[in-house]
Structures are given as structure tokens and as C-alpha cells.
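A short reminder: the numbers here are calculations on the coordinates, not readings from a lab. Given the structure is predicted, the values throughout are model-derived calculations rather than measurements. Here Cβ is always computed from backbone atoms with ideal geometry, including for glycine, and neighbour counts include all displayed protein chains.
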Amino acid sequence: MPHRTATLVAATTLGLACVTTGGALAAHANVTTPADATTSSTMTQSAKKPKATTVIRLAPFQADGSLKKGWRTHLVRSADPIDCSYDTGSVSAVNGGTHSCGSTADAAGDCWSSPKYRHQILCLESAWSKTLTRRKAVNVPATTKKPKLPQPLALQLSDGTRWSLRTGGAWGGRADGLVGYYGCESKACSEKETGKFLAVVAKPDSHAVNRSKAAWTVRVGELGSVEKSYPAPKKYTVTKAWFIKNTVKR
């Protein structure tokens, strides 16, 4: 912009006083005044402020126990039914009446029961699937309590990657003592793509998701040797968080 440059250079050369020419110079050269700078800064901060996390509650059943449209089941045939004697409900449930049965290997941590499917539990395969795994079960309690602070079963972060709540397995550690809570479900954060084993990390026996603000946050870091000092975890905003909900009336 030659005109703006020439005006500013001329003003500097002639030593024009700001009190007499500052207003005109600012007007013609688009110089930001202190008041304009404050307004611009406020607008920039507002534009960059992350949106509140979207909470998604998966509820596959009608009140009578029948499946909602779009959902389906897949029957798993096995010799032995899953034992629900120690069922305390899903840790990702926003209310009572869900189920979590068997061992980690059974993959029956986010489940429902229904009068339409007697002596069975129906379990979520993933937060992004509308297929429920239907399995025979024994000692299924009539109801369960809501967890004190439900943990999201899955997350989507501000970089678009998706993560699932850990359900066991050997994940390694870090010298700073942080442990993994959510594992990568996207190509962009996979070990094959990054050359690192990444996880949503936090202190042991804590909550990995910071919900102190409307836009929740997590930290993603590398895991491996417990003796190795890895780079500090990177903070991300949680754009979406998935939970499960029981809607079957008893």
C-alpha cells in the first residue's frame, strides 16, 4: 500500500506532533488507536473461545424395551452365559439401570437389559456403532445405581481424533507417573501413523476429563517405559463426549 507508507514516512521526516496530526494520520493510514486495539483484542479472544462440549447420550431402547429405529442386535453364541453377580452398572451411564458384567475380556461394560430380551444383556460395541451385542446372562440385577461422576465412554477432540475409554490391557507408563485413560480410535493418532503410543493421560485414580468449564479439556501424551521422561502432554478441547442412558421403564 504505497500511499500509507508515503504518508507515514513523511510524517516521521517532518517531525509532525501527534497532538495536531495524530487523529488525521490515524484516519488516513488506518492506524489502530488504543480504544480500537482493545475492541479488536476482545473480538479475537471471543472468536477463539472454544464452544461448549457437546454431550451425547446413547439410548437405544423405547420405554417398553423394544429397540429404537436404526438400532439392531447381534447374538453372540457361547456355551456359558455372562455372570452379572457383581454388576454395579456402567461407569459411563448418566442414570441407573445399566449393566456392566463379566471380565474385561467379555467386553460387556456398557450394557442394557430389556423385558423384550429376557435372560440377556445387550451391550454397546462402540460409541459410533448402532449394533448391540446380545448375550445370555445370569444373575442380572433388576436395577443399578448411577455412578457418582459418569465417565465418557468416548471422546472427540478439537483436532478431530476419536478416543475410547480404557477397558484394561497393558499400556505402559511415564516417568512423571501419568497413566492412560483413553485410547486412540483414529488413524491420525494411531501408533502406525505417529510412531508413538498416544493416550489421554492423567494422574492415577483421577478423572481424565477436566469439566471445570463448558468446554471440557484433556491431555494427550505418549506412553511407554515408566522410566522414560516423555514430552509434556498436549492439551486439547473435547468437542464431543458420549455417555449411555437407560430409558426402559420397569
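Remarks
- Extent along the principal axes, Cα only, for region 40-133: 67, 29, 22 Å, with the longest axis given first.
- Taking only the Cα atoms of region 201-250, the ratio Rg/Rh comes out at 1.15, with Rh defined as the Kirkwood radius.
- Highest mean first, the peptides 225-235, 199-209 sorted by other C-beta atoms within 10 Å per residue fall in the order 199-209, 225-235.
- Residues whose amide H comes within less than 5 Å of that of Asn246, counting only those at least five positions distant or on another chain, are Val94, Asn95 (H built at 1.01 Å from N in the peptide plane).
- Too-long pairs where the Cα-Cα distance tops 25 Å, listed order kept, from Lys68/Lys145; Lys136/Lys192; Lys130/Lys240; Lys148/Lys240; Lys51/Lys146: Lys136/Lys192; Lys51/Lys146
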